[in-house]
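Heads up, the thing below is written out as structure tokens.
None of the figures in this text is laboratory data; all of them are computed from the coordinates on show. If you're wondering where the values come from, they're calculated on a predicted model, not measured in any experiment. So basically every Cβ, Gly included, is an ideal-geometry build from the backbone, and we count neighbours across all protein chains shown.
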Amino acid sequence: MTLSRRLLASAATVAAVSGLLSAPAASAASLDQVTAACTADWLSTTTPVLTGTTSGTGARFGLWDETTGTKLVGRQVDALAGQLSVTPEALTDGHRYAWRFWPQGGGQPTAKCGFGVDVTAPVAAVSSTDFPAEGANKFAGQKGVFTFRATETGSGVACYRYVLDGTIGVGGGCEGAVPAAADGSATVTLRPRDWGTHVLQVQAVDRAGNVTGPTVYTFYAPWNANAPKAFGDVDADGVPDIVLTDLAGNLQVISADATGTEPSAVIPAQVAPGGTGSWDGLEITHGGWSRNTNPVDDVLVRRPGSAGGYYLYRGGLDPARLSAIYTRLPAAEGLDWSRAEQQVSIGSGARSAPEGLQQLALVDGDLWVAAVEGYWGETSRVTTTGNWGGYQLIGPGPDAAGNLTVWAREKATGTLRAYAVPRDAAGAYDFSALADPAAGTVLGSFPVAQYPTLGSTGDGDGDGASDLYAVTADRHLVTFSGVTNPKDLGLLK
């Protein structure tokens, strides 16, 4: 064979090989494109609709029961405008399934989709050692732990919906519900406010969305003849409370030992005193109680700039029994209440046996102290220098020994200082440490820009020392142990 004939033969061979190599690519380009819309992990129906798409006129469909290891369906499915839809015959409750599509003209199938079928609602149960169905180990006004469990053999429990002494809401989702732990249980802490019989309704929701009918748990909370006493407590549970308004003008009561911002009570905006229709903008202070009253904080409410008077809520804030006494402010030489910047309750000098509720007021840069006995009692001037104008007063209440203290934040620097208020030889309170606001003991720095609201309701964590709380610029509630170890409880309503 001559050279030219060899070259022609080689060229023909290369062309043939090239044609063979390019054939699969051309074939792949002609294959249908198929997708599968995978379903949820668990479905609450035995006849689910399984869908997908195709660029062709149809696809092949396969379905397997993975619980038994058997293939149930293998057939052709026609497409409608590129849409694939298959509704299997009744599937078995509690089984797991897998399915996929194949391109009609051949090629790789879609990824396997998996789901389980659960059409049986769980059955919830409730128990509590604090408030058992028979008898009681705690009293009305005290917190008790309740445990929720459910009988569930399918998808598993997702959450529990519940309500105490009310009507459980419609719907079956987990929004606002307590999530189930890994073992399917959940615990909640509830406080039956009044003595008597209480009804707790609970619904279990499984991962497929099935909701049990309400389980009704009835228990009795007895009256406590020796109610706990705590400075800062406004709801009679023996624990100090933080009182703040929400964005709608309602008044929220949040326990100082809470782990979140969910209020234990909400006082509606429309019952705010003075016909204002909102608690926002009112000055609200509490810390201690007067003689001959229940050991729950009296709450004083005043409109800033008012020279007329204030509203006194005896025995705390009970949404069901809310009644204010309107009391006029006392006249005193050199005292103009319309110019008062702030007033704060500072306690009486004893956590459990008060000797008269005291208020500290900041007026025109000076401090005044007044004793409250159902009305403003004796009022006296504490300072005369006018140097307190740049400070915010905080009433942490008495310590475990009954010694009074006042805290104050310098607004310009954020510096927090403490001022001791001991008794003198005659047993009266000595406020001389408040003569110079810069002379207090520095406790730390809490800049106003970071913590626009800073306060104290006494000993929130039970260690015998008063604690701070704060609201950040983005409305997060933060509690402290003393003045350290901040704990963000989350966003306020």
Query raised in the report: Looking at the square roots a ≥ b ≥ c of the eigenvalues of the Cα gyration tensor of the range 241-491, which shape do they give, rounded for a/c under 1.5, prolate if a/b is larger than b/c, or oblate?
Result: rounded
**Report entry** the range 241-491 - percent relative contact order, Cα under 8 Å, separation 6 or more
**Finding:** 12 percent
Query raised in the report: Reachable lysines from Lys143, Cα under 16 Å, same-chain residues fewer than 8 places away excluded?
Result: Lys229
Report task. Give, as a single signed number, the net charge of other residues whose beta carbon lies under 13 Å from the beta carbon of Val369, with Lys and Arg counted +1 and Asp and Glu -1. Result -> -2
Query raised in the report: Charges only on Cβ, +1 for Lys and Arg, -1 for Asp and Glu: so what's the dipole of the chain about the Cα centre, in debye to the nearest 20?
Result: 1940 debye
Report task. Under 28 Å Cα to Cα from Lys411, which lysines show up? Leave out anything in the same chain fewer than 8 places away. Result -> Lys487, Lys493
Requested in this report: Report the paramagnetic label zone for Thr189: residues of the range 234-251 whose backbone N is under 12 Å from a point 7 Å from Cα along the Cα-to-Cβ axis.
Outcome: 239-240
Query raised in the report: Hey, if you put +1 on the Cβ of every Lys and Arg and -1 on every Asp and Glu Cβ in the chain, which of Gly288, Leu468, Val199 ends up farthest toward the positive end of that dipole?
Result: Val199
Requested in this report: Could you name the lysines whose alpha carbon sits less than 16 Å from that of Lys112, not counting residues in the same chain fewer than 8 places away?
Outcome: Lys71
Report task. Give the distance, in whole Å, between the Cα centre of the range 477-493 and the Cα centre of the range 201-252. Result -> 21 Å
Query raised in the report: To the nearest 10 degrees, how steeply does helix 3-29 sit against the main Cα axis of the chain, on a 0 to 90 scale?
Result: 50 degrees
Report summary line: Along the dipole axis of the chain (charges at Cβ: +1 for Lys and Arg, -1 for Asp and Glu; origin at the Cα centre), the most positive-end residue among Phe101, Gly169, Thr46 is Phe101
**Report entry** the chain, relative contact order in percent, only Cα pairs under 8 angstrom and at least six apart counted
**Finding:** 8 percent
Query raised in the report: Got a sec to turn the phi values of the range 140-157 into Karplus ³J(HN,Hα) couplings, 6.51 cos²θ - 1.76 cosθ + 1.60 with θ = phi - 60°, whole Hz, x for Gly and Pro?
Result: 4, x, 9, 7, x, 9, 10, 10, 10, 9, 8, 7, 8, 10, x, 6, x, 7
